[in-house]
Amino acid sequence: MAVPGRRPRVAGQGRRAPAPGPVVQPGPSPTGEGAGLLVVGRIGKPQGIRGEVTVEVRTDAPDERFADGALLLTEPPERGPLRVASRRDQNGRLVVAFEGVADRDAAESLRDTLLLVDAATLPPTDDPDEFHDFQLVGLAAELADGTRLGTLSEVLHLPHGDVLVVRRGEVGAGSPEVLVPFVAAMVPVVDVAGGRVVLELPEGLLDLSEETAGDDGGDGGAGGTDDSAVPDPGGS
């Protein structure tokens with residue numbers, strides 16, 4: 001769908017990017033537990049000695065997703081499922097107690113666990129410019145003239161906004177990637193039904209991605225995305 005003048009968004013993100021445009025919901029388990037699993041939070045450090053943990057919220061509906069009795073799937077899967085016993089707010093941070101997690105050691109063993117829900121249990125979004133990660137990952141990425149650029153392989157939720165990772169050629173560990181801010185100026189068309197996104201990229205961005213791929217081997221290996229490599233949608 002075309003989104004002229006607006007910023008596409010990833011549904012379920014608590015934060016919103018500063019400029020108008022599409023939104024993306026944090027999405028499927030990164031290990032492929034299923035395209036229908038959405039990340040709603042990540043367990044942080046233990047809080048106190050009674051098994052409570054802090055949770056980094058990745059949903060717009062924390063009251064619903066972390067309600068007493070809510071059952072959450074996990075990644076790694078062997079750490080769950082986890083059922084919410086209670087929740088509270090502490091200085092703007094969500095603190096959750098899970099059933100069966102009774103002390104600090106048990107809470108520590110859950111650190112960095114991703115908390116997931118089945119997308120089939122979520123109501124459809126009312127905003128045509130709002131998308132879940134799993135709707136975007138796997139779409140073909142094309143330029144405005146119809147040239148096939150690659151495949152949308154990942155959605156990054158960075159502090160300054162959502163970024164699409166496009167793998168050029170065959171998707172794989174060695175494929176060069178292009179990082180595209182998820183804004184209407186650079187992603188004017190999101191056609192989920194048609195299986196594609198259309199990109200309007202600034203001059204030189206593709207050359208920059210190829211140079212970056214050729215420089216691999218220095219600092220910042222796999223998984224270490226550098227924010228400085230993401231073009232500024234408001235720049236020249």
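Using Cβ counts within 10 Å as a stand-in for footprinting exposure, how do D89, D133, D162 rank, fewest first?
If I rank by nearby Cβ atoms, fewest first, I get D89, D133, D162.
Please express the Cα-Cα pair-distance distribution P(r) of region 37-121 as a list of whole percents, one per 5 Å bin, running from 0 to the bin with the greatest distance.
Calculated P(r), rounded to whole percents: 3, 17, 30, 30, 15, 4, 1, 0.
Starting from 0.36 nm per residue, how many nanometres of slack lie between R93 and H160 once their C-alpha separation is accounted for?
Stretched out fully, the R93 to H160 stretch lengthens by 22.1 nm.
Amide H of V187: which non-local residues (sequence gap of 5 or more, or other chain) have their own amide H closer than 5 Å, using H built in the peptide plane?
E200
By how many nm would the segment from V192 to D103 grow when fully extended, if each residue of separation counts as 0.36 nm and the alpha-carbon distance is taken off? If you can, show how the numbers build up before the last one.
Values: separation 89, 0.36 × 89 = 32.04 nm, distance 4.50 nm.
Difference between extended and current length: 27.5 nm.
Just so you know, all these numbers are worked out from the coordinates, no wet-lab data involved. Here the structure is a predicted model, which is why all the values come from computation and not from measurement. FYI the Cβ positions are ideal-geometry reconstructions off the backbone, even for glycines, and counts take in every protein chain you see.
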